[in-house]
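Shown next, in structure tokens, is the structure this report addresses.
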Amino acid sequence: MDSRTGLPVVGMVGGGQLARMTHQAAIALGQSLHVLALAPDDGAALVAADVQYGDHTDLAALRTFAKGCDVVTFDHEHVPNEHIRTLTAEGAKLYPPADALRYAQDKRAMRERLTELGAPVPRW
């Protein structure tokens with residue numbers, strides 16, 4: 001919990017365009033956004049006050065990052081699903097969860113699932 005605002009600390013894995021846009025929205029809400037970026041010149045790292053540097057494929061870096069957040073979300077779908085499952089098993093709150101993020105990571109699985117649900121999908 002952010003002691004200044006009383007709101008949960010949201011962590012964003014990835015410092016790209018989505019993280020930067022989320023940061024802008026968070027400002028208007030008074031929401032704290034902690035960013036895990038690869039480099040100081042990542043889009044969100046240039047504007048966010050609370051940035052940690054690390055690789056989204058490094059489980060140790062993800063663990064350290066998640067410890068400083070009340071909830072963790074993702075700028076992109078490239079975080080290894082097994083890392084997401086491990087962090088969740090260790091008590092971290094991650095949204096979307098591994099079972100949902102799987103569909104962003106595997107477009108075939110997403111299309112198969114949407115077809116099973118009867119949702120309209122383009123031919124694939």
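The values are calculated or read from the model by the stated rules, or taken from the named source; none is laboratory data. Predicted model, so just to flag it, every value in this text is computed and none were measured. No Cβ is skipped: glycine too gets one built from the backbone with ideal geometry, and neighbour counts run over all protein chains shown. Accessible surface is based on the protein model in full, side chains and every heavy atom, while ligands, DNA and RNA are left aside. Shrake-Rupley method; radii C 1.70, N 1.55, O 1.52, S 1.80 Å.
Rounded to the nearest 500, the 222 nm mean residue ellipticity of the chain from helices alone is -11500 deg cm²/dmol, with -39,500 (n - 2.57) taken per DSSP H run of at least 4 residues. The accessible area of Leu114, taken with all protein chains in place and a 1.4 Å probe, comes to roughly 60 Å².
Counting every Cα pair in the stretch 1-57, what percent are over 18 Å apart? Please list the in-between numbers first.
On the way: 399 of 1596 pairs.
Above the 18 Å cut-off, the stretch 1-57 has 25 percent of its Cα pairs.
For the pair Glu77 and Thr5, what calculated FRET efficiency results from E = 1/(1 + (r/R0)^6), where r is the Cβ-Cβ distance and R0 = 41 Å, to the nearest 0.05?
0.90
Rounded to the nearest 20, the size of the Cβ-charge dipole of the chain about its Cα centre is 340 debye, with Lys and Arg at +1 and Asp and Glu at -1. Restricting the trypsin sites (Lys or Arg not before Pro) of the stretch 58-124 to loop positions (DSSP other than H, G, I, E, B) with no more than 13 neighbouring Cβ atoms within 10 Å leaves Arg123. The residue among Ala61, Ala49, Pro120 whose Cα reaches farthest toward the positive pole of the charge dipole of the chain, with charges on the beta-carbon of Lys, Arg, Asp and Glu, is Pro120. At the residue level, Met21 shows approximately 100 square angstrom of accessible surface with a 1.4 angstrom probe and all protein chains present. Looking at the calculated P(r) for the stretch 1-112, what percent of the C-alpha pair distances fall above 19 Å? Beyond 19 Å sits 42 percent of the P(r) for the stretch 1-112. Here the accessible area of the stretch 76-124 is 54 percent carbon and sulfur, with a 1.4 angstrom probe and all protein chains present.
D by Stokes-Einstein for the stretch 39-87, Kirkwood Rh over Cα pairs, 37 °C, 0.692 mPa s: 281 µm²/s.
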